[in-house]
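Below: one structure, written as structure tokens.
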Amino acid sequence: MPAITIENLSFQYPDAASPALTDVNLSIQAGEFVVVTGATGAGKSTLLRCINGVIPHFQPGRQQGQVWIEPEGQGPLAVARIAPAHLARQIGSVFDDPEGQIVSPIVEEEIAFGLENTGVAPAEMEPRIAGALAACGITDLRHRPTNGLSGGQKQRVAMAAALALSPSILVLDEPTSELDPDGTEAVLQVLADLNRRQRITVIIAEQKVGHLASLCDRLILLDRGRVALQGSPREALLHEGVFEKLGIEIPAPARLGQALVREGLIPPFGTPGAPPLPLTVEEAFALSRQLVDGEPQRSCRGRRSR
Ligand SMILES: Nc1ncnc2c1ncn2[C@@H]1O[C@H](COP(=O)(O)OP(=O)(O)OP(=O)(O)O)[C@@H](O)[C@H]1O
């Protein structure tokens, strides 16, 4: 069942010389984990704003086409026609700047803020707050002042605040932009767990796909407001040249795999007998190990002896 359907969507900001999105068509399934990538200015944030209703409810501009969401048990609803307070209960949003998103002095007040604003009954608030904090692994931060938190902790508080509203869809704009590699890994793992365990549809806009390729179901690559390609990470990353042309670095394990193909050490990915494109260090290691241990080693030696 599609959670989101985007039909012929184009959007141009007021006074902009060209559209930020042009004729985008996408269908995102309930429970899918999608990464939208592309170079600076490709339209990632704009696409997320069209999904969470910031466009057209708060950001004016010229929009054509439609975004539909399909909450469980209901028919498709056009985002442009859903009241923002109702949308906020369906779609949680986390922006790239948690500093700008957090408005309360204490963590638990920040989580309660959205619940109060959307009219959640007081008796329901405590389990929602406790559940959201636990899901994001920050129960211990509950009574801490928000202004003393690290960037990663703030990202998790912003995520918990969004989650407390029990959204069926979570959109996150560069949620790890301010984090070091360990913080990035931890935040993405929380998201992957939420997606798996609670079947929340997760959509992340991110220029760097390295950490995400092995976690997501689908990569969507935007180029100047259009979908340049999309597919599972193993399918999409086979188009190494398209990513490179747009300045998007493909993950190192996939680069290694492609280099092995170019060197003739393994058959091209996607052809009979070829291994899957490695997406993680572990998969790249296993592939290298096979080369050392098995059949491909002979072709490896063959090349070296030439
Ligand atoms: N508020 C705005 N007013 C006018 N033009 C805008 C506005 N926001 C974005 N744009 C323009 O729309 C286009 C798409 O921008 P968008 O922010 O969606 O891209 P992006 O892929 O998210 O980029 P980045 O990775 O730099 O965040 C760009 O040309 C940008 O300059």
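The values are calculated or read from the model by the stated rules, or taken from the named source; none is laboratory data. Just so it is clear, the model here is predicted, and its values are computed rather than measured. Methodologically, a virtual Cβ is constructed for each residue, glycine included, from the backbone with ideal geometry; neighbour enumeration extends over all protein chains shown. Just the protein is used for accessible areas: all its heavy atoms, side chains included, with ligands, DNA and RNA removed. Shrake-Rupley method; radii C 1.70, N 1.55, O 1.52, S 1.80 Å.
Just read off the accessible area of His211 with the full protein assembly in place, 1.4 Å probe, to the nearest 10 Å².
80
Most mobile of Gln290, Gln207, Gln189 per a Gaussian network model of the chain (Cα springs, under 10 Å)?
So, out of Gln290, Gln207, Gln189, the one fluctuating most is Gln290.
Choose one of Pro84, Leu215, Pro272: the residue whose Cα lies farthest towards the positive end of the charge dipole of the chain (beta-carbon charges +1 Lys, Arg; -1 Asp, Glu; about the Cα centre).
Toward the positive end, the furthest listed residue is Pro272.
Once the other residues with Cβ under 9 Å from the Cβ of Glu249 are scored (Lys, Arg +1; Asp, Glu -1), what is the net sum? All intermediate terms of the calculation are to be shown ahead of the outcome.
On the way: positive: Lys208, Arg255; negative: Glu244.
Charge balance near Glu249 sits at +1.
Full extension from Met1 to Asn117: what is 0.36 nm times the residue separation minus their Cα-Cα distance, to one decimal in nm?
Details: separation 116, 0.36 × 116 = 41.76 nm, distance 2.98 nm.
Taking 0.36 nm per residue and subtracting the Cα distance, the gain is 38.8 nm.
Roughly what would the spin-label model give for Ala252 and Ala80, points 7 Å off Cα along C-beta, in nm?
The answer from the label model is 4.6 nm.
Any idea what the dipole of the stretch 1-108 comes to, in debye rounded to 20, about its Cα centre with Lys/Arg Cβ at +1 and Asp/Glu Cβ at -1?
Values: 5 positive and 10 negative charges, 55 e Å.
For this selection, approximately 260 debye.
What is the percent carbon and sulfur in the accessible area of the chain, measuring with a 1.4 Å probe over the protein chains and ignoring ligands? Walk me through the numbers on the way to the answer.
Values: 7460 of 14500 Å².
The nonpolar share, carbon plus sulfur, comes to 51 percent.
Helix-only estimate, please: 222 nm mean residue ellipticity of the chain, summing -39500 (n - 2.57) across DSSP H runs of length 4 or more and dividing by its residues, to the nearest 500. Before the final figure, lay out each step's value.
Values: 13 runs with 123 residues, N = 306.
That calculation yields -11500 deg cm²/dmol at 222 nm.
Taking the alpha-carbon centroid of each part, what is the distance from the stretch 234-260 to the stretch 54-84 in angstrom?
Cα centroid of the stretch 234-260 versus Cα centroid of the stretch 54-84: 34 Å apart.
Suppose every Lys and Arg Cβ carries +1 and every Asp and Glu Cβ carries -1, with no other charges. What dipole size does the chain come out with about its Cα centre, to the nearest 20 debye? Each step should come with its number before you reach the end.
Working: 27 positive and 35 negative charges, 211 e Å.
Here the size comes out at about 1020 debye.
Using alpha-carbon pairs under 8 Å, 6+ residues apart, how would you state the relative contact order of the chain in percent?
Details: 550 pairs, mean separation 62.1, N = 306.
Result for the chain is 20 percent.
Let me make sure I get this right: for the stretch 252-293, a, b and c are the square roots of the gyration tensor eigenvalues over alpha carbons, sorted descending. Under 1.5 in a/c it's rounded, otherwise prolate if a/b > b/c, else oblate. Which is it? Working shown, then result.
Details: a/c = 1.43, a/b = 1.24, b/c = 1.16.
Note, shape of the stretch 252-293 comes out rounded.
Of all DSSP beta bridges located in the chain, what percent are antiparallel, nearest 5? Write out the running numbers ahead of the final one.
Details: 21 of 39 bridges.
Expressed as a percentage, antiparallel bridges in the chain total about 55.
How much accessible area per residue does the chain have, counting only protein heavy atoms and a probe of 1.4 Å, in square angstrom?
Using a 1.4 Å probe on heavy atoms only, each residue of the chain averages 47 Å².
Find how much the distance from Arg197 to Asp140 grows on full extension, using 0.36 nm per residue of separation minus their present alpha carbon separation; answer in nm with one decimal. Mind dumping the intermediate values first?
Details: separation 57, 0.36 × 57 = 20.52 nm, distance 2.17 nm.
Taking Arg197 through Asp140 to full extension adds about 18.4 nm, to one decimal.
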